[in-house]
1. Could you name every residue in the range B:713-736 that has 10 Å² or more less accessible surface in the full protein assembly than in its own chain alone (probe 1.4 Å, ligands and nucleic acids excluded)?
2. Over the range A:42-191, what lengths in whole Å, largest first, do the semi-axes of the equivalent ellipsoid take, defined as the square roots of 5 times the eigenvalues of the alpha-carbon gyration tensor?
3. Which one of A:138, B:291, B:649 has its Cα pushed farthest toward the positive end of the charge dipole of the protein assembly as shown, where Lys and Arg give +1 and Asp and Glu give -1 at the Cβ?
4. Once you put a point 7 Å from the Cα of residue A:70 and another 7 Å from the Cα of residue B:238, both along the Cβ direction, what distance in nm separates them?
5. Ratio of the range B:304-365's C-alpha Rg to 2.2 N^0.38 Å, to two decimals?
6. At a 1.4 Å probe radius, which order do B:54, B:216 fall into by accessible area, largest first?
7. Kindly tabulate the residues in the range B:811-825 with an accessible-area decrease of at least 10 Å² between the chain alone and the assembly of all protein chains, using a probe of 1.4 Å.
8. First measure r as the distance between the Cβ atoms of residue B:341 and residue B:105, then evaluate 1/(1 + (r/R0)^6) with R0 = 35 Å and state the FRET efficiency to the nearest 0.05.
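The values are calculated or read from the model by the stated rules, or taken from the named source; none is laboratory data. The shown structure was predicted, so the numbers you read here are calculated from the model rather than taken from an experiment. Backbone-built Cβ (ideal geometry, glycine too); neighbour counts: all protein chains shown. Ligands, DNA and RNA are excluded from the accessible area calculation, which covers all protein heavy atoms including side chains. Shrake-Rupley method; radii C 1.70, N 1.55, O 1.52, S 1.80 Å.
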Amino acid sequence: MTLTETRRQAPPAVVARALTKIYGQGDARVHALRGVDVAFATGAFTAIMGPSGSGKSTLMHCLAGLDTATSGTVHVGDVELTGLSDKRLTLLRRERIGFVFQAFNLLPTLTAEQNIRLPLEIAARQADQVLFDRVIETVGLADRLGHRPAELSGGQQQRVAVARALISKPQVIFADEPTGNLDSRSGAEVLSFLRASVRELGQTIVMVTHDPVAAAYADRVVFLRDGELVSDLAAPTPQSVLDTLMRLEG
Amino acid sequence: MLRTTLAGLRAYRLRLLLTSLAITLGVGFIAGTFVLTDTVRAGFSQRVTAEADKVGVAVLPKGERSSLPVRLLERVRAVPGVLDAQGLVRGKAPLLGKDGRAVGDLATTAISIVPGPLDRATIVSGTGPGSDDRTAVLDKNTARTHGFRVGDTITVLDSGRREHRFRLVGLLDPGVDQELAYTGALGFTTATAQRMTGEKGFHEIDVAGADPARLKQAVAAVAGPGVEVLTGEELAADLASRAGVQMEALTVALLMFGLVAMLVAALVIYNTFNILVAQRTRELALLRCIGATRGQVFGSILIESVVVGLVSAVLGLLAGYGLGAVTLRVLTALEAPLPTDAPVTLSAPAIVAGLTIGLLVTVGAALLPARTATHVAPIAALRTQAEQRTFRAGLLRVLSAALFLLAGLGTAAVGALVMPPGQQVSLVVVMGGGVLTFLGVLIIGPVLVKPLSALVGWIPRKLFGVPGRLAVDNAGRNPRRAATTTVALTIGVTLMTLISVVTASTRVTVADKLDEQFPIDYLLVTQERDASIPRSVGESLRGRPELTSVVQIRDTRAGVGGHRVEVGTFSGPISPDVTAGAMGDLGPGQVAIAAPTAQRLGVRAGDTVAVRTKAAGTVSLEVVALFGGESPLPALTVAEPEFDRYFGAVPDSRVLINAADGVPADRARGVVDAAVAGHPTIKVSSSTEVRGQFDETLDMMLLIITGLLGLAILISLLGIANTLSLSVHERTRESALLRALGLTGAQLRRMLSVEALVLGLIGALVGVALGGVFGWAAIRAMLDGAVFSAPLGQIALFVALSGLAGVLAAVLPARRAARASIVESLTTG
Ligand SMILES: Nc1ncnc2c1ncn2[C@@H]1O[C@H](COP(=O)(O)OP(=O)(O)O)[C@@H](O)[C@H]1O
Ligand SMILES: [Mg+2]
């Protein structure tokens, strides 16, 4: 059995059941999620796609314990998020979840290295030096470690963010439009890097994107529309993703 | 443009609220001062008017004269139109307490309470003495402190020290008469008052009759020269203005604290407007993009400050009214000897002063930020993220700060070390140096913030892990803002430290001098200057085994040249500190003079002075020594036999007593008390009592001043809270990111608390350093031979409280930050 197959057989990293999220009240009610059932396999790179306003970010926030769902359940590993206190949710994020946001990923006062080590320090954990060196090498930031975010390009900043997410070996990394603010070349670098971390480090990644090219880096793409899961595509290519989108829109 | 400004005001109202609170507090204090003093003044004039209303015309002694002859009363009574005339007696009549000793430091003042319509006394319980010569009334405060009640029998000494007993029939309110309030007051019938005080004349003659103006002329005609005749109205004005002078001094003193508060408020406002402008860079740039001129941008910020200034000044006036009213209530409850019952009013001058100061300070503080706003380039609107504000210590800044610091410290050093101590100029020079130094600190502040935050942040960094480290970094992140925020606190802490250093040093210096010059355990004096201690008292103490030394000092006044000075002698062991010549054994024809008196008389050691004596004519004495002015010896000291020859038998004016080593204090005290048992007016004070009273006075002063400075501290805390909440707002996304990465809400709160702690500690440390240095300089300038003492405990307390206060100031902003939704914070802002 190959390494990949072993992982495929492991229980899923994140599971959502009948997840709904309603914003606002009365006339201003918005059903951002309408009963989403989805599982994200351990050691896989999954993309969440859908048109703007379809509920991608909301889904990610609920899965990551940043926001609470109106109903339904979320499991990260064997922990159920529903009903956890803010404190427990925080500790869960600290221990098991990594983040890469679209923008403003780094603390401006810290250097790249300090930013990368930040989650470990918050959790008062020792860095795995072998992992650190490997991550730095993979991200290609060795000569930029002493720089502050303002002295790094957008692509470099996102790579620092990815390195930071990897360093604590989380159960899952959530990335919300990580290439949204980047030009296509820097975007491609970051995406390859994300894929490499899944292949080589066995990392589980869930990425929200609306870019078919970005989605094609993933092992699997799930499609959202109006808060509902409408399609599921394995081994995507840019073309198959685009086709699926066209079908959904049309 | 105006509409945009107003919309901006509405949008930022929460932020502006804290700012206006700073102004409101400052203006409130100033207005409160006016309310308080105006009301008390009004109370005074109400009282004196009520009293003087009963009087048609009052006759008072003028100039040298201290009393009116009794004959004058008869002449006044005979003036046509006079319905009634009464002579008022006032003099000393020591009341004896239940322990048989005269009460108070000064002899009780006895007054006559006249019958009929001219009675001005306010009897608050019981009745007046009427015409019963065996009754008396006592002022309510003395009665309370010494446990006398209506119906009790009291014992009072007459001018010949004979005891007389009276039945206490009523209690008296001394009203606005400060002398009566201070010494305590006894009221008798006129005849008794004359008999008890031994006064030959009247202190005042009150006349009743119609048409005061005509009456005044008629009375003045018979009164002749040397007296002053006033109508009731004039008398009231006179009394009121005398009370007014005291109120003026109080007003000025309180306003000084108000101004310090306003200075701190100005810094807070300056900072707030700076931050608001920084945060609105894009908004302002957008305005510039769509065609607003620099002038319009400048104007919009100024209008904003005008609105804030006006609103908070008006609120301040209201707060001041409340503050004044509450203070008056408290004073009433404490039975302060002040009239607090006049209607509480906010006078027009108070309103004008409050509005003007509030407006000027706000607009003045907003000027620089408004100018900065005009420098915002339209292109800034297009940038996505506000760039990090970097700060470099420019050469110009460092140089000018160095210049100010050198000039300031130099000036203070001149005032403290070169100029003569004990003179007002020296102190003024030191304070001038203080202001220059403070300006230097203000300029160099932003440069100091980083190293100082690293210094005071050392422990929190170690203690609080990541939140601690981030907090310390954040504290030094915007040095200019941090510097202004902390300087506001520095002002208060500097002044508090300065005051406590000055107080502590004064205490030590005085204690030192007391030890050196007055190495005595007990001092005997009498209540009155002229009354004296029979020689037998000192003589009976001499030779007691419980005592080691008894020094009797006698003195009297004599003419030397054009001056009247104290000439006296001593018997017993005493060694003053001789500054010139030698005192050894004073022989016939020799005199030792206190240095300050010698300076006044213009004589030096070796000169001769001519002293007019009572019994030996004018004698010419050789000045053989000068001694320090703190010595208890008479200003001109001669040998004992010579003194007897010059002035005859003079009783002791004071007796200095030392207990023998190893004798318990209460035994020695018992011996001394027994010796004065037959002399109720002799006061025994022990050096520990004197020092205790002195300490108490200093402590009280320190407490009051610290309390008043507390306002400035409070305002600077508002500044910290304000800066922090603005920073929290700026860093919304940063906080959300940290929360997403696993920082708990509690850790985020702790982070902000540590940041505030660091800011508070920086402000406090700079304040303590400045306060310590200038406290030293001030005490050197104020007291000759000052001993410096820094009350480390108190200073440590100031630092700790400042840190704590900073943490308190962070509570609300921190709570808001910790409660913010992560998702919303990440997506917006
Ligand atoms: N805080 C919020 N309050 C109200 N409605 C919201 C909020 N956040 C998102 N929505 C709405 O929920 C729906 C899904 O939003 P989102 O998850 O951000 O979509 P996506 O990320 O796919 O663009 C949208 O209609 C959006 O307007
Ligand atoms: Mg989105």
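1. Checking the loss per residue gives B:733, B:734.
2. Numbers: eigenvalues 136, 76, 35 Å².
Semi-axes from the Cα gyration tensor: 26, 20, 13 Å.
3. Farthest towards the positive pole: A:138.
4. Here the answer is 8.8 nm between the modelled labels.
5. Against the compact-globule rule of thumb, the ratio is 1.37.
6. Final ranking, largest accessible area leading: B:54, B:216.
7. When all protein chains are present, B:822, B:823 each give up 10 Å² or more of accessible surface.
8. For R0 = 35 Å, the calculated efficiency reads 0.75.
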